[in-house]
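Asker: The structure is given below, and queries will be raised subsequently.
The values are calculated or read from the model by the stated rules, or taken from the named source; none is laboratory data. Everything numeric in this text was worked out from a predicted model, so none of it was measured. We place every Cβ from the backbone using ideal geometry, glycine too, and count neighbours over all the protein chains shown. Ligands, DNA and RNA are excluded from the accessible area calculation, which covers all protein heavy atoms including side chains. Shrake-Rupley method; radii C 1.70, N 1.55, O 1.52, S 1.80 Å.
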Amino acid sequence: MPGMEPIQEVHVAEPGQLVVDVAVADDATALKFQEALAGMWATSTAQHTTRDAGQPGVRLRCYLDLRQHPDA
């Protein structure tokens, strides 16, 4: 994805770890989607979105661990 750092091996080193890259129309939608993920799984959240010059919408990356519930 242009404008985003490459995915590092440590982020997907074990089964159940995910990197989620999202492209959406606006900041509010991206952050709401991230909030929904964080309600289901342990999530390393992003504080802001990024924009790629010449591309529509915004992008967001977050890291999930499906092995852990956020309330654990």
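Asker: Check THR49 against each of (1) modelled with pLDDT of 90 or more; (2) in contact with a Cys (Cβ under 9 Å, 6 or more places away or on another chain) and name the one condition it does not meet.
Answerer: Condition not satisfied by THR49: (2).
Asker: Restricting the search to segment 31-54, which residues are touching a strand residue (DSSP E or B) at 6+ places or on another chain (Cβ under 8 Å), over 17 Å from VAL19 (Cβ atoms), open to solvent by less than 100 Å² (accessible area, probe 1.4 Å) and of a type outside the set (A, V, I, L, M)?
Answerer: Listed by number, the list holds a single entry, ASP52.
Asker: Oh, and also: Which fully enclosed strands (runs of 3 or more DSSP E) of segment 8-67 have 3 or more residues being of a type in the set (A, V, I, L, M)? Lay out the reasoning, then the answer.
Answerer: Numbers: elements: 17-24, 42-44, 58-65.
In segment 8-67, 17-24, 58-65 are the strands (runs of 3 or more DSSP E) which contain 3 or more residues that are of a type in the set (A, V, I, L, M).
Asker: Related question: Are there any pairs with C-beta distances below 9 angstrom linking a residue in segment 7-20 that is modelled with pLDDT under 85 to a residue that is of a type in the set (A, V, I, L, M) and assigned to a strand (DSSP E or B), with the two at least 6 apart or on different chains, and if so which?
Answerer: From residues that are modelled with pLDDT under 85, the pairs are ILE7/VAL19; GLN8/VAL19; HIS11/LEU18; HIS11/VAL19; VAL12/LEU18; VAL12/VAL19.
Asker: Determine whether ALA72 is open to solvent by 80 Å² or more (accessible area, probe 1.4 Å), modelled with pLDDT of 90 or more and over 13 Å from the mean Cα position of the chain (by Cα).
Answerer: no
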